[in-house]
Structure formats: C-alpha cells, structure tokens
C-alpha cells in the first residue's frame, strides 16, 4: 500500500505542508510554481477587468493548469499508493482538457467569436471519452510499490498524447489561416504572437510529458522524470507572448494591468525561492534579485503608464481630427452644391444667348459669350469632380451593376472626344475590335472613368498621337489609352491616383486640374473589382494608362 523505496521515504519524511521537501528536485518547484503563479496572476487580472469569452477561457485554463501542477507535485511527495493512483488517474484528463482549452482560446481570441455548436458537441464528446479512458484500467493497470510508480497503459496514454499532438497541429494550421485572414496589420501581428505562444505551450507541454511516459513504460530511473518538468515552462512562454500582446496591442483593453500583473508575478516567484534556498549566500542573492526586480518593476509600470497615457492622447486627437475632417467634407459638399447651382445658371444663360433665344447675337459679342460658356462649363465640371471625390471618400456612391457592351460604350466615349483631339492636330486612333465585349458594371460610373482617361491623354499631348484600344484575353478585358504627350516622371508617378494629386509637368499643361480625376477613376475601377495603372518612360516620352476588368 505504501512505497518503500529510499527516495520516496526520504521525501515523505522531510515533507512540509504536504507539498514541500528538500529531497524533491528544485526544478520541479521552480517549473511548476513559476508557471502557475505567472499564469494565475495574469489571468486573474484579466478576468477582473475583462469578462469576454477568451478571458473566461484563459481563466479556466489556468485554474486547471494550477490543479494539474499541484497534482504533479503531490505525485512526487506522496507514498500512499491509493492517493497516487487516484491523482494519477485524473492527470491525463486534465492534460487533454488544458490542451483543448488552449486551442479554444486561440480561436476565440483571433476570430473574436465563439465556435459553432457542432464543434462544441464533438469536443464535449471527446472530453467525455477522455474522462472514461483516464479513470479506467486501460489508463493505469497496476502500481509498482518498489519504484513508487503507476504502471501506465501503453495504448491509452499514447491516445492522450496523440490527441494533444493533433491539437498542436490544429493550432498551427488555424493560426496560419488567422494570420492570412487578418483584417489589418495589428490583428495580423496579434494572431502571429498568439499562435506562436499557443504552439510553444502545446509542444513543450506534450513533448516533455510524453518523454516521461515512455520512460515510465520502459522502467527508467526516477531521475528521468525530471525531464517532464521542463514542459511546464511552456505555460510561462505562452503567458510571455500573451503579456506582450496585451501591452503592445491593448488586447482585452488592458495595458497597465498586464505590466502590473507581470511584475507582481515575478516578485512572488523570486520571493518564493527564499523558502527553498538553504545557504546564506543564496538567500542574499535571492534577496538582491527581489529588490532589483521590484525596483525595475516600478520603472516598467511607470513607463507603460506614460506610454498608455500618450497613446490615449494621440487616439483622442485622431478622433477629433476625424470629426473635423467629416465636418469639412460636409461643408465642402454644401458649398460646392450651392456654387454649382449658380455656375450652372450662368452657363445656361450663355448657352441660350448663343442659341439666339433672346435674339440675334452680334458677331463681335459671340467670342465673349463662347468663352463664358466654355469657362462656366469647365467650372461645373470641376465642381462635379470635387463632389464626386467627396462622395467616394464618404462612401455615399452606389453602383447599379448591370450587363452591357463595353465596346459600344468605349466607341461612344472615344468618338465624342475625337473633335477635341482633331482641333489640336493629333493623330487619333480607336481600335476596339468587331465583337461585343459584355461585362457587368455601372455604365454611368464607367463612362466617367474612361472619359477622364481619354480626355487626359488629349489634354496632356501637345502634338503627336493618342491611341485608344480595347481587347479581351483569358477572361480579362483590357482598356488602354496611349499618347505621345508630356509623360510622367518617377516622382509624379507617386502622385497619380491619389486624392488631389498633381504632377509637376501636368500642372504646367492643365492649370485648371483639380487633381481628383484619377482618384475617382481608381475608386470606380476598384469598385468593379478591376485595377488601373500608368506606365511612362519619363518626362516628354508619353504615357500609357491601362484598365483591366473582369470579363
């Protein structure tokens, strides 16, 4: 009933508080207490300040991990075979449960939602099977009083570790998927750190325990079981990654709390060593380490506090700036609408006068009326361009997607702009083929985009040629307008397709440009799941604008 080997008896006779003995390898206490204290302190701080599902899972996971650690220490310190067999029978079930919870935490933390009902059902049935297997004779077959070890069932324990290894692979696979699907850079980095932390925990926790089990099955010496203790440091690694995520990315809406929890945990861990060390030198060194940890901890907490306060001020300023920008957009929209109404009326008056609605126009008056009509038309177009850019930026633009013939549309747009090109003496070519090219899109919006590209090529080509082409290849429709105009420098290329972007050379040719035209084009094309870009060999060497749309 009782173990009678010298090591077990020596441990039991020097036992204090049922857990502590100088005969037990110090590594066991350091590995278990370090991991338990760090995990418990951080999870407690999190659950007290944040009651989200990942926080609750982490809390339950650390409670079970602490229970498992206490069981493991008791397995080293007890000599009653009944107590050992009872505790040992629960160890594999708790082990599998903790591994499953770590994967559950990773999913809820990165996906920001709970798993489905079927996943919970399958997991629950799996844990139920693990529980029955854990307490059955298949798990623990007998007890060896001489070596004070339970005789483990080979297939049962391999099933436990096989399950944990599968969970390890699932964690890596899901983590990679979460990283690839992350919405932004911050979420991507959080997913990376959470995955690495979880994978490290599962790997160390499983590998070290498996080595100890194989050693037990082979009848190895008790010292080999010290290898298992290194696996508990996997929890410390996991908590380290989690702490970094909290401090750096404000996970769980914590920052300062995480730093405080980490410092307190370190002080408790180092302070607990005073109960193990026996020599005066070690006690002095431990005391010095405790003081230094406390001092540096205070510095760390103050530094994190300053950083958080500064970040909050920046975020507040960013929100205020965003509100100011929104108000500015509304104001610009209102003013532009009003001015557009006035200029439109003025343009209509010039138009009616030129058409003779108020009587014949004197020859000497016609040029000034034509200039007024041209200027007001340009003014209306400019205002409309600003309004379109404002609507795109505020997300007010809607698209009516319908099938239509893009070839016919390009022919109409390019044909309407032929007169402008011929007035400048340009060679003007239109090559759209003979077959219809049907795509799905908003015809009115695409008219604005293609008209802008062709019109720009005509405007920025003082002499030479403008060529418009339309082709289809491998399910992609390709529009291209090529000119021999002013060209685009590498510096100006960076300004293209940006809001209000102006190139130096283009501004010299067209002083009335708003800089919103290509920004609008890019927004429209991307809304149609296409792409647009420009190519040029440099200033004075012409340019080429290309649009590709799904066909």
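Side notes on the structure shown:
- Checking 154, 117 one by one, the residue that is touching a helix residue (DSSP H, G or I) at 6+ places or on another chain (Cβ under 7 Å), exposed (fewer than 15 other Cβ atoms within 10 Å of the Cβ) and either over 25 Å from residue 78 (Cα atoms) or in the same structural domain as residue 59 (by TED's automatic domain parsing) (or both) is 154 and no other.
- Residue check for residue 81: closer than 26 Å to residue 204 by Cβ and surrounded by 16 or more Cβ atoms within 10 Å (Cβ to Cβ): no
- Every condition in (1) farther than 13 Å from residue 455 by Cα; (2) modelled with pLDDT under 90 holds for residue 416 except the one numbered (1).
- Residue match in the range 22-39 (condition: out of contact with any helix residue (DSSP H, G or I) (no Cβ under 7 Å at 6 or more places or on another chain) and closer than 21 Å to residue 91 by Cα): yes
- Of all residues in the range 463-481, exactly one satisfies the criterion of being assigned to a loop (DSSP other than H, G, I, E, B), farther than 20 Å from residue 420 by Cα and out of contact with any strand residue (DSSP E or B) (no Cβ under 8 Å at 6 or more places or on another chain), namely 474.
- Given (1) over 15 Å from residue 486 (Cα atoms); (2) out of contact with any helix residue (DSSP H, G or I) (no Cβ under 7 Å at 6 or more places or on another chain), index of the condition residue 448 fails: (2)
- Just one of the listed residues (210, 161) is at pLDDT 80 or above, in contact with a helix residue (DSSP H, G or I) (Cβ under 7 Å, 6 or more places away or on another chain), assigned to a helix (DSSP H, G or I) and closer than 29 Å to residue 26 by Cβ, and it is 161.
- Where residue 24 falls short, out of the listed (1) buried (at least 19 other Cβ atoms within 10 Å of the Cβ); (2) assigned to a helix (DSSP H, G or I): (2)
- Test for residue 61: is it outside any loop (DSSP other than H, G, I, E, B), in contact (Cβ under 8 Å) with a residue 24 or more places away in the chain, closer than 30 Å to residue 15 by Cβ and in contact with a strand residue (DSSP E or B) (Cβ under 8 Å, 6 or more places away or on another chain): no
- Tally, over the range 171-192, of residues that are in a helix (DSSP H, G or I) and surrounded by fewer than 18 Cβ atoms within 10 Å (Cβ to Cβ): 11
The values are calculated or read from the model by the stated rules, or taken from the named source; none is laboratory data. If you're wondering where the values come from, they're calculated on a predicted model, not measured in any experiment. Virtual Cβ from ideal backbone geometry, glycine too; neighbours counted across all protein chains shown.
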